[in-house]
1. Once phi is turned into ³J(HN,Hα) by the Karplus curve 6.51 cos²θ - 1.76 cosθ + 1.60 with θ = phi - 60°, what whole-Hz value does each residue of the stretch A:282-293 show in order, with x for glycine and proline?
2. Using the per-residue mean of other Cβ atoms lying within 10 Å as a proxy for protection, in what order, highest first, do the peptides A:456-462, B:262-268, A:480-486 fall?
3. For the stretch B:228-314, what D do you get in µm² per second when you plug the Kirkwood radius from alpha-carbon pairs into Stokes-Einstein at 37 °C and 0.692 mPa s?
4. Find the centroid of the Cα atoms in the stretch B:35-54 and in the stretch B:123-139, then give the distance between the two in whole Å.
5. Which translational diffusion coefficient, to the nearest whole µm²/s, is obtained for chain A from the Stokes-Einstein equation, given a Kirkwood hydrodynamic radius over C-alpha pairs, 20 °C and 1.002 mPa s?
6. Arrange B:K225, B:K135 by Cβ neighbour counts within 10 Å, fewest through most, would you?
7. How big is the Cα convex hull of the stretch A:3-80 in projection, averaged over all directions, in nm²?
8. Starting with the highest mean, order A:255-263, B:119-127 by the number of other Cβ atoms within 10 Å, averaged over the residues of each peptide.
Amino acid sequence: MTTQEVRLCGLLLQEHFGNVVEKVGTHLIRSGVLTLRALAHETKLPLDLVKKSLCVLVQHGMCTFGAGRRGPAGPVEYRINCEHVFHMLRYPRYIYTAKSLYGDTGELIVEEILQRGHMTMSSTVKTVADRLTHNMPEGQSMDYSEVVSVFSQLVETHFLQRCPPLASAGSSSSGAVDTPLPVATQPTEPESHPDCYKLPYINLTGQLLQSKHSSHTKKLFSGQPLCGDDDGIYWQVNFQRFHLHFRDQAIISAVSCKLDQSSSEIVRTMLRMSEVTTPAHAAFTQALSANEIFRALLSSYNIARPILDQYLSLLVDDPMEFVGKTGDSGGGMYVVNLHRALANLARATLESVVQERFGSRSARIFRLLLRKRHLEQKQVEDFAMIPAKEAKDMLYKLLSENLVQLQEIPKTPDYAPSRTFYLYTVNQLPTARLLLQHCYKTVGNLIERRLYETKENKRLLEKSQRIEAILASLQATGAEAAQLTEVEEMITVPERQQLESLRHHINKLDSSENQVDETIFLLKSYINSTQASR
Amino acid sequence: MTEVKVKKESTDPVDIENRIKELCLQFPHGITDQVIQNDMPHVEVQQRAMAINRLLSVGQLDLLKNSNGLLYRLKDAQSASKVKGSDNQEKLVYQIIEDAGNKGIWTRDIRYKSNLPLTEINKILKNLESKKLIKAVKSVAASKKKVYMLYNLQPDRSVTGGAWYSDQDFESEFVEVLNQQCFKFLQSKAEAARDSKQSPMVQRNSSFATSHEVWKYICELGISKVDLSMEDIETILNTLIFDGKVEMTIIAAKEGTVGSVDGQMKLYRGVNPIIQPTGLVKIPCGLCPVFDDCHEGGEISPSNCVYMAEWLDF
């Protein structure tokens, strides 16, 4: 865990769960694995507070526990999964994706489950339906069955999954065969459970009714109340599936930028067909024949069969190698090269950072070194057609920022400078890791700036909240217009402007966190894909 | 008893010299001592050596050394007359410079080859320059270095830098202009292909341009005072590839087709970048020059960052 990652985790935990959980969490990240007693002792917090914070973290899947180093007989040890904490940055993106795929219902389902960590199906459905009904105009209400159908769709496409069951702690009185506790270092994969995506049968009919007359909504039930058929079956968001979806989206948009719209539709069809059949870390999708692709293409795209063949061969010939041909049966077997596409996207990210930061000539030198691997200084000047002095300056600047490395090749064993070749080179993987750390630090900076802005204007924010509360209560009791305006005028115009600009700042900082998160996602997927293939 | 008189070949030194000269003409690459000996076996070593020395001193014979031994070569009359009147050292220096040919030679290298002291060399060089036999050319690689070559030779590309250098200065504006022109040409070709709405294969093929076509276009544009060859245009197109704006493929072409080199042709095509500028660079932190010094509680921190304050008010 690097410093920046620990700092970012601390900020995220504090923002979402409060100071106590932050303290416990940060300490646990720094120490690795700890028992409950050790944790309580080192953080100097009372034991029950530590217990509660750990419960919160376990509920959200960020903390895992298991038999410790002393074996099953010893105390249980806890460890935090940092990756899971970083997923909190991406919650808005998950919710937005669910909304675009499954509408408002899907959005609310995912939001509820993200907020609670684990939920049973029945409670999710009930909460979501109630929320939807609340926002609907009078008289209409949301049927539970609709929500259930959206929920089952989410499960079918693997966006939601069952939480893996935890083996119960061995109790000598039960006499049943005890399944050993999973060792703390190996969390059980949710997908190893065979019923991972099986929906439980729950009897949920009916809907929440809103009464028409009176401004207080009276909650009436019609139909059967909920049965607790699915107690103990908890559902969680399948982050990996969402990540695969984001990765597919990135590949499709890259293809549409590089080639054209129709090619990107073809690639989208291919990726959609291999969504649930391709394992998560595969380098290629399943091989698809051209016949299958043609049948699966939506008719709205209106692509004829020979045109499809042409597009496929163009995709295969493209130097970016998004699509590859693996055979000739069935009209040609095609795969999407996932790892290579990720490497290309990561490379484009690196190049764009260098370009924005140092200028387009430095970007030229950077790309030149990426392609040609090792070059001497004279060769760099010649290939890039930049005057010698400027090229030297730019190379040294990139070298000082560690984006470019120097490789020495001695002619003589004594490494004399006049008799050594000095070659410049760029390694994509370490540079990607470096940029990833920069991104983590940047997001930390953004969060801190947001907290600072809020703190600076705390007095003003409190005042405006009080005014709003007064206004709301006055309106509820039916006051006259004059009283309302009098209360509103308690906020002066410059204060109103300040509030407005503050709101604008906070929104900007929030949206920029999401933007940096996109870069983090690309770089992290690339780094994971290269490590998986090792 | 009749005496068989063996006709004695006259060992006249002039005859020996002439014979040697004839042998040199026979073998223009040079003859070794062994060859002379084979031809005139009756000539003694001393006489042979005297003849050779005489020829050398007059300047009609060139002495060369190769891996096997010494070679004698006939010097052509023209160059023989040129160095008349200069002493041996000058002749030696002149020979060294002549051997360097197109690329010229540096004073230190002359010193190594001739083993003469520096002051002598400088004097000789000044002498030769005033006689207009050699000239000094500034090298583009190191601006202080001067290389000497024969007066009437054109300096080689590696010394002057070729088409991109004029008077030892790299012409960056010229390169930039060419860069943009080539890119515009390729981009307009790609757009025309895209708008033609034909089948995708035809579209892609028509968006390609061979290096020969680009070369012709640039020549016709007439923006260059210097004649540019196809290799020059290819170096410009390579810089466009490194800018990420153009991609290249190589196809096999028939030998006779225009623009093909060794049975291949290079095709270039304008392309779009595959992603938009990434999220990190939309934040001041991504471009901040003091990024590494920034931490909470320090002089530079997110809370009092000037760049962020300006950016937020945007």
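1. 5, 7, 10, 6, 4, 5, 10, 7, 5, 4, 4, 4
2. The peptides rank, most packed first, as B:262-268, A:456-462, A:480-486.
3. For the chosen part, D equals 188 µm²/s.
4. 37 Å
5. Numbers: Rh = 28.0 Å.
Translational D for this selection: 77 µm²/s.
6. Ordered by Cβ neighbours within 10 Å, fewest first: B:K225, B:K135.
7. Values: hull surface 19.6 nm².
Convex hull of Cα atoms, orientation-averaged projection: 4.9 nm².
8. Those peptides, ordered most packed to least, come out A:255-263, B:119-127.
Read-outs throughout are calculated quantities, based only on the coordinates presented, and are distinct from any laboratory measurement. What you see is a predicted model, and the numbers here were worked out from it, not measured in a lab. Methodologically, a virtual Cβ is constructed for each residue, glycine included, from the backbone with ideal geometry; neighbour enumeration extends over all protein chains shown.
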